[in-house]
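Structure record follows, encoded as structure tokens.
The values are calculated or read from the model by the stated rules, or taken from the named source; none is laboratory data. Not measured: the values here are computed from a predicted model. Virtual Cβ from ideal backbone geometry, glycine too; neighbours counted across all protein chains shown.
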Amino acid sequence: MKNVYCETTIISYQTSRPNRDVLLTAQQQITYQWWEEYRPYVRIFISQSVVNEISSGDVNAAARRLTLIDGIPLLDMDNSILLLAQKLVDSGHIPVKVQEDAIHIAIASVHGMDYILSWNCKHIVNPAIQRKLEPIISKAGYRMPVICTPFEFIEGEYHVER
């Protein structure tokens, strides 16, 4: 079984109400499909960073998100993760204002995850940024996981046999 780190957007999309935005609705539907059809065939993990992010906002929505993650293993945070995340931010490829994105990538890399699943296409699921981060992660002694959306996971070369 492959190990998948679910970034905050996956939990949020899985629990959010239907949206009028056509693209967001499609992403929600794909997330629902991934959660029901593919999640049983992988081991999923989250981090305290995910818990912190999903705990904010509307109280009822936060409660739905927190209920969904009940029982999902939390990856530990340690100095090696903070150091790697800082290197990613210091590289200039992930802005300081979204340093939490660097933490997600660092947590998954340090813990040897096979995949990072996310809908954050600006800073996480961004091939141009990934190409620049991979050598930094490798030089630190880690392997960068495959970073993809649920759609790419289902339809792309990252397909996991069910």
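For the range 88-117, the set of residues classified as among the small types (G, A, S) and surrounded by fewer than 24 Cβ atoms within 10 Å (Cβ to Cβ) consists of S91, G92, G112, listed by residue number. Checked against (1) in a strand (DSSP E or B); (2) at pLDDT below 95, I46 meets all criteria but (2). In the set S56, S91, only one residue is free of Cβ contacts under 8 Å to residues at least 40 places away in the same chain and among the polar types (S, T, N, Q); that residue is S56. When L133, L117, L84, L75 are checked against the criterion of being in contact with a Cys (Cβ under 6 Å, 6 or more places away or on another chain) and in contact (Cβ under 8 Å) with a residue 12 or more places away in the chain, L117 stands alone in meeting it. Residues in the range 1-41 that are at pLDDT 95 or above and assigned to a strand (DSSP E or B) were compared, and the one that is nearest to I69 (Cα to Cα) is C6.
Scan the range 66-75 and give yes if some residue there is small (G, A, S), in a helix (DSSP H, G or I) and modelled with pLDDT of 95 or more, otherwise no. No; the residues of the range 66-75 include none that is small (G, A, S), in a helix (DSSP H, G or I) and modelled with pLDDT of 95 or more.
Inside the range 42-71, can you point out the residues that are out of contact with any Pro (no Cβ under 7 Å at 6 or more places or on another chain), surrounded by 15 or more Cβ atoms within 10 Å (Cβ to Cβ) and more than 13 Å from S12 (Cβ to Cβ)? V42, I44, S47, S49 - these are the residues of the range 42-71 that are out of contact with any Pro (no Cβ under 7 Å at 6 or more places or on another chain), surrounded by 15 or more Cβ atoms within 10 Å (Cβ to Cβ) and more than 13 Å from S12 (Cβ to Cβ).
Conditions (1) under 22 Å from E100 (Cα atoms); (2) in contact with a strand residue (DSSP E or B) (Cβ under 8 Å, 6 or more places away or on another chain); (3) without any contact (Cβ under 8 Å) to a residue 40 or more places away in the chain; (4) not β-branched (V, I, T), marked per residue:
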{"position": "Y13", "(1), (2), (3), (4)": "yes, no, no, yes"}
{"position": "Q28", "(1), (2), (3), (4)": "no, no, yes, yes"}
{"position": "T31", "(1), (2), (3), (4)": "yes, no, no, no"}
{"position": "I44", "(1), (2), (3), (4)": "yes, yes, no, no"}
{"position": "I69", "(1), (2), (3), (4)": "yes, yes, no, no"}
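Quick one: G112 ticks every box in (1) over 18 Å from Y32 (Cα atoms); (2) in contact (Cβ under 8 Å) with a residue 40 or more places away in the chain; (3) touching a helix residue (DSSP H, G or I) at 6+ places or on another chain (Cβ under 8 Å) bar one, so which box is it? It is condition (3) that G112 fails.
Take D90 and decide whether it is more than 22 Å from K132 (Cα to Cα) and either within 15 Å of the chain's Cα centre (by Cα) or at pLDDT 95 or above (or both). In short, no.
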